[in-house]
1. Looking for whichever is within 29 Å of residue 140 (Cβ to Cβ) and not β-branched (Val, Ile, Thr) here; the options are 10, 69, 76, 37. Which one fits?
2. Kindly indicate whether residue 65 is more than 24 Å from residue 15 (Cα to Cα) and either in contact with a helix residue (DSSP H, G or I) (Cβ under 7 Å, 6 or more places away or on another chain) or surrounded by fewer than 16 Cβ atoms within 10 Å (Cβ to Cβ) (or both).
3. Just the residues that are of a type in the set (D, E, K, R), within 16 Å of residue 80 (Cα to Cα) and either open to solvent by 90 Å² or more (accessible area, probe 1.4 Å) or not in a helix (DSSP H, G or I) (or both), please, taken from the stretch 20-32.
4. Those residues that are without any contact (Cβ under 8 Å) to a residue 60 or more places away in the chain, open to solvent by 50 Å² or more (accessible area, probe 1.4 Å) and farther than 18 Å from residue 150 by Cβ, I need them from the stretch 75-100; list them, please.
5. Quick one: residue 19 ticks every box in (1) within 25 Å of residue 134 (Cβ to Cβ); (2) free of Cβ contacts under 8 Å to residues at least 40 places away in the same chain bar one, so which box is it?
6. Is it fair to say residue 150 is under 20 Å from residue 18 (Cβ atoms) and part of a loop (DSSP other than H, G, I, E, B)?
7. Could you check how many residues of the stretch 33-78 are of a type outside the set (A, V, I, L, M, F, W, C), over 30 Å from residue 107 (Cα atoms) and part of a loop (DSSP other than H, G, I, E, B)?
8. Within the stretch 101-124, restricting attention to residues that are closer than 19 Å to residue 28 by Cβ and open to solvent by 40 Å² or more (accessible area, probe 1.4 Å), which residue is modelled with the highest pLDDT?
Amino acid sequence: MREHFKRLMNIKGSRTVREIHWDLGRTMWDKVGMARNREGLTEAIGSIQKLREEFWHDLALTGTDTDLNKQLEQANRLADYLELGVLMARDALMREESCGGHFREEHQTEEGEAKRDDANFTFVSAWEYTGENQEPVMHKEDLVFENVELKTRSYK
């Protein structure tokens, strides 16, 4: 962990944790939020990967890695958020349906209601981190419904 902190402290860039965090939050809100589409999710993945590069090459931190350093703590957390943001966008892009609270604009009925795909998406997934700059691996577990009938919600 000490090497990780030293790596962060030695970047000596020009962008603050707050600036990069704000850009990540705006991307997640605008492109990966409740209403989303293929184009926006694809853009989000590229934008977050670019932010991740900026983070590791242009981060500006003050203080040291040997004292209590709030900026270092926030930078460490932001590194995780950047990884998580890409995973969330990838997962949303892979899921070709509208389901629950998440609406894929290209998957809706004529009336504008969510269009589910229970034949292909009745599973939960978890993504395995495989290393820096490596593709994550998705693990799936099928859901079995014994006491609940699957059906599309209607808000009409």
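The values are calculated or read from the model by the stated rules, or taken from the named source; none is laboratory data. Since the structure is predicted, the reported quantities are computational estimates derived from the model, not experimental observations. Methodologically, a virtual Cβ is constructed for each residue, glycine included, from the backbone with ideal geometry; neighbour enumeration extends over all protein chains shown. Accessible surface is based on the protein model in full, side chains and every heavy atom, while ligands, DNA and RNA are left aside. Shrake-Rupley method; radii C 1.70, N 1.55, O 1.52, S 1.80 Å.
1. 37
2. Answer is no for this residue.
3. none
4. Selection gives 77, 80, 83, 84, 90, 94.
5. That leaves (1) as the condition not met.
6. So residue 150 does not fit the description; no.
7. Qualifying residue count for the region: 7.
8. Top of the filtered list is 105.
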